[in-house]
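Written out below as C-alpha cells is the structure these notes cover.
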Amino acid sequence: MDNITEVIAAIAKEKEIAVETLFESIEAALITAYRKNFGKNRNARASIDRVTGEIKVFTQFVVVEEVEDSETEISLEEAKKINPIYELDDIYETEETPKDFGRVAALAAKQVVVQRIREAERSSVYDEYKSREQELIYSQIQRINNGVVYFNLGKAEAIMPPKEQIPGERYRVGDRLRSFIIEVKDEKRKALEEGKTAKDVKGKKGLEIVLSRTHPGLVRRLFELEVPEIMEGDVLIKSIAREAGSRTKLAVQAGREGLDPVGACVGPKGSRVSHIVDELGGEKIDIVEYTDDMATFIENALSPAKVSEVRLIGDRNAEVVVPDFQLSLAIGKEGQNARLAAKLTGIRIDILSETQDKERSGNEEA
C-alpha cells in the first residue's frame, strides 16, 4: 500500500486541491472516528506526519485546580508531576493512539473524508469562478428544465434563469454560447464561514454560478474581444444602454488623439460590429461618440435621428427639438430610441417636433 502522504499528494493533484487542505480534512475526520469509537467526550488532536504518513492521536486535558471531569481535565498537582512548567488552564497532551485505530478510522472516517474532499474541491471551483465574475464564458448547454438553461463548465454547472435569457432566443441542448458571469455564490460556504453549524446550513444552496445573455456587460466584453483598440486603451467604452434582443446603444470615446472611436468599433465594412450582432442573434447596435459636452452627447445618443436643438434644464433634464419628419425616428418604436438615449446619457429627455416647439412658444407669448 502506498504511503498515505503519496495518496494525499495524488488526490490533491488530481482534484487541484491544496495538499495541506487535504491533510487537515483527514485529520478532522480521524478525530470524528476517534471520538465515536474511543470516547466521544474527550478532547483530542490527530496528527499525520507529512513525511512518513504516521498517524497519532493525542488526548488533551485542561490543567485545573480540582478535577471535575477526568475525561477532559487533569489536576495541577498531577500535571506538575509530569512537568513542573504546567500552570492552570494549560493544555496537557498525551498520545493515546489505539492499536487498531487504523482499521477503525478508515471505516468510520471514509464518508467524512470524501465529504471534506468534495467541499475542498467545491471551494477551489468557487474561488476560480468567483474571480471570473463580470467576465465572458464560452460553454455548452447541458440541459433545459422548467425554463432554466444549464451549462456544463467541466468542473461545475452554471445556470441561466429565464430573466437572464434574451427574449425570443432559442436554446437547444448541445449549443455553445458566450455568456456573462453575473454572480457566483455559495450559501452553504458563506454560512459556515459565519460560524453556522452543519445543521444550520441544511437546505441552503451550495455553489451556484449564474450566467446572463441580457446583461449590458455581455456587450462590453464582446466589444473588448472584437476590438483590439478597446483592450489597448485607445478606445474607451463610457456607457451602455441595452434592451436585450432588440437594441443596444454604446457610447465610446477616443483614448488618443486622431482616432475615430466609432469607426474602430464598427470595423472595416462593419465586420467587427457585425460579428457581435450575430453573436447576439441580430440585436441592433448603435455606436455613438461620447463627449463631455452634454448637449452634443444627447444629440449623438438620439442617433440615427437628426436633432435641431438641445436645451439643458438643470443637471438631469433636457428638451430636444427635432424636425417634424424626424419625430417618430427620434422617439423610436414604443419610445425605445428615446428611452435608450436617456439611459445612455443619464438625462431625462423630452422630445418635441419643431412645430410643437413653435406652438408652445406662441402660446407662452400669448
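Looking at the range 178-214, which of its residues are among the hydroxyl-bearing types (Ser, Thr, Tyr) and modelled with pLDDT under 65? Don't jump to the end; show me each part of the working.
Going through the range 178-214, the residues among the hydroxyl-bearing types (Ser, Thr, Tyr) turn out to be 179, 197, 212, 214.
Correct list: Thr197 only.
Go through (1) surrounded by 17 or more Cβ atoms within 10 Å (Cβ to Cβ); (2) over 30 Å from Ser212 (Cβ atoms); (3) touching a residue at least 24 places away in the same chain (Cβ under 8 Å) for Ser308 and report which single condition fails.
Among (1) surrounded by 17 or more Cβ atoms within 10 Å (Cβ to Cβ); (2) over 30 Å from Ser212 (Cβ atoms); (3) touching a residue at least 24 places away in the same chain (Cβ under 8 Å), the lone unmet condition for Ser308 is (1).
Sort out which residues of the range 51-71 are loosely packed, with under 12 Cβ neighbours inside 10 Å and either within 41 Å of the chain's Cα centre (by Cα) or not assigned by TED's automatic domain parsing to the domain that holds Ile91 (or both), and write them in order of number.
Selection gives Val51, Thr52.
From the list Leu329, Leu312, exactly one residue is in a helix (DSSP H, G or I), modelled with pLDDT of 95 or more and at negative phi. Which is it? Give the steps one after another, and end with the answer.
Numbers: Leu312 fails: in a helix (DSSP H, G or I).
Going through Leu329, Leu312 in turn, the sole match is Leu329.
Only one of (1) at pLDDT 90 or above; (2) in contact with a Gly (Cβ under 9 Å, 6 or more places away or on another chain) fails for Ile137. Which number is that?
So Ile137 meets the others, but not (2).
Identify, please: which residue in the range 82-96 is in a loop (DSSP other than H, G, I, E, B) and in contact with a strand residue (DSSP E or B) (Cβ under 9 Å, 6 or more places away or on another chain) and is, among those, modelled with the lowest pLDDT? Outline the logic, then answer.
Applying the first criterion (in a loop (DSSP other than H, G, I, E, B)) to the range 82-96 yields 83-90, 96.
Checking which are in contact with a strand residue (DSSP E or B) (Cβ under 9 Å, 6 or more places away or on another chain) leaves us with 83, 86-90, 96.
Working: Asn83: 94, Tyr86: 94, Glu87: 94, Leu88: 95, Asp89: 94, Asp90: 95, Glu96: 86.
Step by step, filter the range 82-96, then rank; the result is Glu96.
Give the residue that is nearest to Thr94 (Cα to Cα), with candidates limited to residues of the range 46-81 that are of a type in the set (Asp, Glu) and part of a helix (DSSP H, G or I).
Checked the range 46-81; the qualifying residue nearest to Thr94 (Cα to Cα) is Glu78.
In the list Gly263, Gly245, which residue meets the criterion of being touching a residue at least 24 places away in the same chain (Cβ under 8 Å), out of contact with any strand residue (DSSP E or B) (no Cβ under 8 Å at 6 or more places or on another chain) and not in a strand (DSSP E or B)?
Gly245 is the lone residue from the list that is touching a residue at least 24 places away in the same chain (Cβ under 8 Å), out of contact with any strand residue (DSSP E or B) (no Cβ under 8 Å at 6 or more places or on another chain) and not in a strand (DSSP E or B).
Quick grid of which residues meet (1) touching a Pro at 6+ places or on another chain (Cβ under 6 Å); (2) outside any helix (DSSP H, G or I); (3) exposed (fewer than 12 other Cβ atoms within 10 Å of the Cβ):
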| position | (1), (2), (3) |
| --- | --- |
| Glu24 | no, no, no |
| Glu27 | no, no, no |
| Leu30 | no, no, no |
| Asn41 | no, yes, yes |
| Ala44 | no, yes, no |
| Pro98 | no, yes, no |
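Against the definition (of a type in the set (Val, Ile, Thr), farther than 28 Å from Arg220 by Cα and free of Cβ contacts under 8 Å to residues at least 24 places away in the same chain), how does Ile313 come out, yes or no?
yes
Has the range 265-274 got any residue that is closer than 25 Å to Ala338 by Cβ, at pLDDT 95 or above and within 26 Å of the chain's Cα centre (by Cα)?
no
Could you say which residue among Ile287, Ile351 is more than 21 Å from Val262 (Cβ to Cβ), outside any loop (DSSP other than H, G, I, E, B) and β-branched (Val, Ile, Thr)?
Ile351
The values are calculated or read from the model by the stated rules, or taken from the named source; none is laboratory data. Given the structure is predicted, the values throughout are model-derived calculations rather than measurements. When we count neighbours, we look across all protein chains shown, and the Cβ atoms used for this are built from the backbone with ideal geometry, even at glycine.
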